[in-house]
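Below is one structure, written out as structure tokens; the observations come after it.
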Amino acid sequence: MSVSPSHEVPGSGPAADAGHAQLDLEHFLPYRLSVLSNRVSQTIADMYQKRFGLAITEWRVMAVLGRFPDLSANEVAERTAMDKVAVSRAVAKLLERSLIKREIHSDDRRRSVLALSEVGYTVYDEIAPMALAAEQRLIATLDEQERTTLDRLMHKLAGPGLAALRDGA
């Protein structure tokens, strides 16, 4: 089911004419969400990349550790839904810059946990308000009812919607 009505007649266009299945990406919800997410993330990243030299993945790791300290790299990957390799690279860069620290877990000596360093918290304390202000500018384009509806729909898609998608796979 498409969220927006298609501007093309189903089954028309170059792909359909060639006998191929047609996927109108501009109206395919997963694609639209991905593009919007990438554009919003990059716009916000432009604010802190120049000043702090952080890539999006590095900031996401810092943001998660700022909210949930003492996570393993795998737990960071789970919370961010980022690839473990991308998280590992970001962690390595952040450790190299002393923005995060790695310690052995107090209860499980086999497990290392990550946390922001003092320098990391200084950077986090500057970027977090910038990110929140950017979010406010973005959602200010919506009225209160639209913001409430968007929040409800995001929860619904992330919960039962994603579960339904997985069940159908």
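Every number in this text was worked out from the coordinates using simple rules, so none of it is lab data. It should be emphasised that the depicted structure is a prediction, and the values quoted were computed from it without experimental measurement. Counting neighbours? That spans all protein chains shown, and the Cβs are built from the backbone with ideal geometry, glycine included.
Quick notes on this one:
- Stokes-Einstein D for the stretch 73-169, Kirkwood Rh over Cα pairs, 37 °C, 0.692 mPa s (µm²/s): 197 µm²/s
- Leu95-Glu146 pseudo-label distance in nm [points 7 Å out on the Cα-to-Cβ vector]: 4.5 nm
- Degrees, to the nearest 10: 118-139 long Cα axis against longest axis of the chain: 20 degrees
- Net charge of Cβ neighbours under 12 Å - reference Asp83; Lys, Arg +1; Asp, Glu -1: +2
- Counted charge near Glu135, where neighbours are those whose Cβ lies closer than 13 Å (Asp, Glu -1; Lys, Arg +1): +1
- One decimal place: the segment Met130-Leu157 gains 7.0 nm when fully extended, by the rule 0.36 nm per residue minus the C-alpha distance.
- Straight Cα distances below 18 angstrom link Lys93 to the lysines Lys50, Lys84, Lys101, with same-chain residues fewer than 8 positions distant left out.
- Relative contact order computed over the stretch 26-167 (Cα-Cα under 8 Å; 6+ residues apart), in percent: 19 percent
- Sparsely packed trypsin sites (Lys or Arg not before Pro) within the stretch 28-112, loop by DSSP, other Cβ within 10 Å at most 14: Arg109, Arg110, Arg111
- Mean shadow area of the chain over all directions, Cα convex hull, nm²: 14.0 nm²
- Per-residue [θ]222 nm for the chain (sum of -39500 (n - 2.57) over DSSP H runs n ≥ 4, rounded to 500): -19000 deg cm²/dmol
- Taking Leu94, Leu116, Leu23 as the candidate residues, the one with maximal mean-square fluctuation in a Gaussian network model of the chain, Cα springs under 10 Å, is Leu23.
- Using a Gaussian network model of the chain in which every pair of alpha carbons under 10 angstrom is joined by a spring, one finds that among Ala158, Ala140, Ala55 the greatest mean-square fluctuation is at Ala158.
- Under a Gaussian network description of the chain, with springs only between Cα atoms under 10 Å, the residue in Val35, Val91, Val61 that fluctuates furthest is Val35.
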